Amino acid sequence: MKTRDISRKFKRDRHNVKRFVAESEHTWVHQKVLGGDFYNKVCGHLKLLEKEYFGLEFRHHSGNYVWLELLKPLVKQIKCKFIVKFFPPDPGQLKRGLTRYLFALQIKQDLSNGSLTCNDNSAALLVSHILQSEIGDYDEELDCQHLEMKHYVPNQEYLDHKIIKFHKKHRGLSPANSDIQLLEVARKLDMYGIRPYPAYDGEGMRINLAVTHSGVLVFQGNTKINTFSWAKIRKLSFKRKHFLIKLHDKPSCKDTLELAMASRDVCKSFWKMCVEYHAFFRLAEEPKAIHKTLLSCKGSSFRYR
């Protein structure tokens, strides 16, 4: 299938996917099916094969967003939304065009809602690739009309000139190549794939924690101040609302960091996401469904190899 055909098909599907999820939940919730069966149904509707990178997210009764549990009945998990769950270091290398297109949609969503923050030049460059993918080569009148009707980034009106300047340089790029270029720019940003969890350090300073393919990251606002790579981490655990990072022993360094989070549920949710990210990206072969014992672990710690 050609890229533009994929784009048209998914543009049509993405407007229906929320309704599809809602209608399916209403139909299946009384059948006590597992979350995994429902997720497979959604992916089948999208004809998505590289489904390991995505997930269904829903709002927990505590008010926090958590991921659909594949091994639990759907009856306990409702009101889901389909988004990217695992962000690889180079999404442009994903095998299938539809998967890359879905990642590009996620980048566009994160850019528009302000969660993918970046400097003005990067924002303008990202939007210019979106324009090339959506409307093709630069046309002064069409560009101006499109930017007036659609807002891809906060305070876009101040970036129009830069966006158009970049767009002029993309002549001849196909929608598929434009998506790849979009992903190439996005993956180099500090906030690429970041889903921050508010926390406090030992001195009571407000920070944000996040997990990526490389390890656990610490942010102050939108500035990354520390990275704990998987190679440095010996054990992650939580006790009540305290998240613990135990590092491999190093002379003159504290080997355990204790960080306070909003609640035990938030702490457990972040710990679980760390376990899943580590398992997903440290597998020696292509991603497969994470083993049941890992997903359903009732303990509060996980050791890293």
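The values are calculated or read from the model by the stated rules, or taken from the named source; none is laboratory data. Computed from a predicted structure; not experimentally measured. When we count neighbours, we look across all protein chains shown, and the Cβ atoms used for this are built from the backbone with ideal geometry, even at glycine. SASA here: full protein model, heavy atoms, side chains in, ligands and nucleic acids out. Shrake-Rupley method; radii C 1.70, N 1.55, O 1.52, S 1.80 Å.
Working carefully through the options Gly215, Gly221, Gly202, find the one that is over 19 Å from Ile107 (Cβ atoms) and in contact with an Asp or Glu (Cβ under 8 Å, 6 or more places away or on another chain).
Gly202
Among the residues of segment 145-154 satisfying the criterion of being touching a residue at least 12 places away in the same chain (Cβ under 8 Å) and open to solvent by 60 Å² or more (accessible area, probe 1.4 Å), which is nearest to Pro196 (Cα to Cα)?
Pro154
Would segment 131-145 turn up any residue that is touching a Cys at 6+ places or on another chain (Cβ under 9 Å) and charged (D, E, K, R)?
no
Every residue, every condition in (1) within 24 Å of Ser214 (Cα to Cα); (2) touching a Cys at 6+ places or on another chain (Cβ under 9 Å); (3) modelled with pLDDT of 75 or more, yes or no:
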residue: Arg19; (1), (2), (3): no, no, no
residue: Val42; (1), (2), (3): no, yes, yes
residue: Pro89; (1), (2), (3): yes, no, yes
residue: Phe103; (1), (2), (3): yes, no, yes
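From Leu131, Leu125, Leu102, Leu116, which residue is within 19 Å of the chain's Cα centre (by Cα), surrounded by 18 or more Cβ atoms within 10 Å (Cβ to Cβ), among the aliphatic types (A, V, I, L, M) and part of a helix (DSSP H, G or I)?
Exactly one of Leu131, Leu125, Leu102, Leu116 is within 19 Å of the chain's Cα centre (by Cα), surrounded by 18 or more Cβ atoms within 10 Å (Cβ to Cβ), among the aliphatic types (A, V, I, L, M) and part of a helix (DSSP H, G or I), namely Leu102.
With respect to Lys165, determine if the residue is more than 16 Å from the chain's Cα centre (by Cα), at pLDDT 95 or above and outside the structural domain of Leu244 (by the TED database).
Yes.
Taking Lys150 and the conditions (1) assigned by the TED database to the domain that holds His278; (2) among the charged types (D, E, K, R); (3) within 15 Å of Lys108 (Cα to Cα), which numbered condition does it fall short on, given that it satisfies the others?
Looking at each condition in turn, Lys150 falls short on (1).
Could you pull out the residue among Val84, Val66 that is under 24 Å from Cys267 (Cα atoms), in contact with a Ser or Thr (Cβ under 7 Å, 6 or more places away or on another chain) and in contact (Cβ under 8 Å) with a residue 40 or more places away in the chain?
Only one candidate passes the filter, namely Val66.
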